[in-house]
1. Considering every residue within the stretch 71-78, establish whether at least one is among the aliphatic types (A, V, I, L, M), assigned to a helix (DSSP H, G or I) and more than 16 Å from the chain's Cα centre (by Cα).
2. Tell me the residue from A34, A7, A20 that is modelled with pLDDT under 95, part of a loop (DSSP other than H, G, I, E, B) and not β-branched (V, I, T), please.
3. Among G145, G117, G123, which is the only one that is within 13 Å of the chain's Cα centre (by Cα), more than 19 Å from L165 (Cα to Cα) and not aromatic (F, W, Y)?
4. Run F86 past the list (1) over 21 Å from P175 (Cβ atoms); (2) more than 15 Å from the chain's Cα centre (by Cα); (3) not acidic (D, E) and report the number of the one that doesn't hold.
5. Just to be sure before I move on: is G159 surrounded by 21 or more Cβ atoms within 10 Å (Cβ to Cβ), modelled with pLDDT of 95 or more and not aromatic (F, W, Y) in the structure I sent?
6. Can you go through L13, L30 and tell me which one is touching a Pro at 6+ places or on another chain (Cβ under 7 Å) and either of a type in the set (S, T, N, Q) or touching a residue at least 60 places away in the same chain (Cβ under 8 Å) (or both)?
7. Just to be sure, is R57 part of a helix (DSSP H, G or I), within 18 Å of A153 (Cβ to Cβ), of a type outside the set (A, V, I, L, M, F, W, C) and out of contact with any Ser or Thr (no Cβ under 7 Å at 6 or more places or on another chain)?
8. Read through the list (1) within 25 Å of W142 (Cα to Cα); (2) free of Cβ contacts under 8 Å to residues at least 40 places away in the same chain; (3) crowded, with 18+ Cβ neighbours inside 10 Å, then give the number of the only condition that L75 fails.
Amino acid sequence: MSRSYSARVRAALRTLGAPANLVETRGLPLHVEARSLRCVGLGSDGRDKFLAPAAARAWLALRAAAQAEDVELLLVSAFRSFDFQFALIRRKLQQGRSLEEVLGVNAPPGCSEHHSGRAVDIGTRDCEPLAEDFENTPAFAWLQGNAARFGFALSYPRGNRYGFLYEPWHWCWQPGEKIP
């Protein structure tokens, strides 16, 4: 990771009012933005979603396998730029949410797996997007039993080492994994 990227992350944290050493204190990995992206279709918000090419192939294979078993996986979120992440956090702070609350749910700019183009937030029609209740859906049960075959892992289980709230909807493709 370049020094300039680390400096950019620290500057963003200062601007948001977070300690400059937050990344080190929480042991958060830095994720640079994907250089190449592939459209993987519309998200649940009706907007095009993008992933890094290998992650896109894995996501499309995962979704097709689920669909073949009558399990619908809706793409809620995929690639997010550093600037988008910064604006997202700033908007939540301007709405009156505390910095601690926001950074318990959203990774600081530079630390979001979404920057890498490998992370997806998955939903289903049976559940509100980005809700913990997703863990009670057939889609989540299917992911638990099958996502690893496609290289995806649940990033933020309960009590995760990074201090993020439990996110049963957030899955990240791990480079080097085989895609069926």
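1. no
2. None of the others qualify; the one that does is A20.
3. G117 is the lone residue from the list that is within 13 Å of the chain's Cα centre (by Cα), more than 19 Å from L165 (Cα to Cα) and not aromatic (F, W, Y).
4. Status for F86: all satisfied but (2).
5. Spelling it out, it is not the case that G159 is surrounded by 21 or more Cβ atoms within 10 Å (Cβ to Cβ), modelled with pLDDT of 95 or more and not aromatic (F, W, Y).
6. L13
7. Criteria met by R57.
8. L75 satisfies all of (1) within 25 Å of W142 (Cα to Cα); (2) free of Cβ contacts under 8 Å to residues at least 40 places away in the same chain; (3) crowded, with 18+ Cβ neighbours inside 10 Å except (2).
The values are calculated or read from the model by the stated rules, or taken from the named source; none is laboratory data. This is a predicted model, so every value here is computed, not measured. Backbone-built Cβ (ideal geometry, glycine too); neighbour counts: all protein chains shown.
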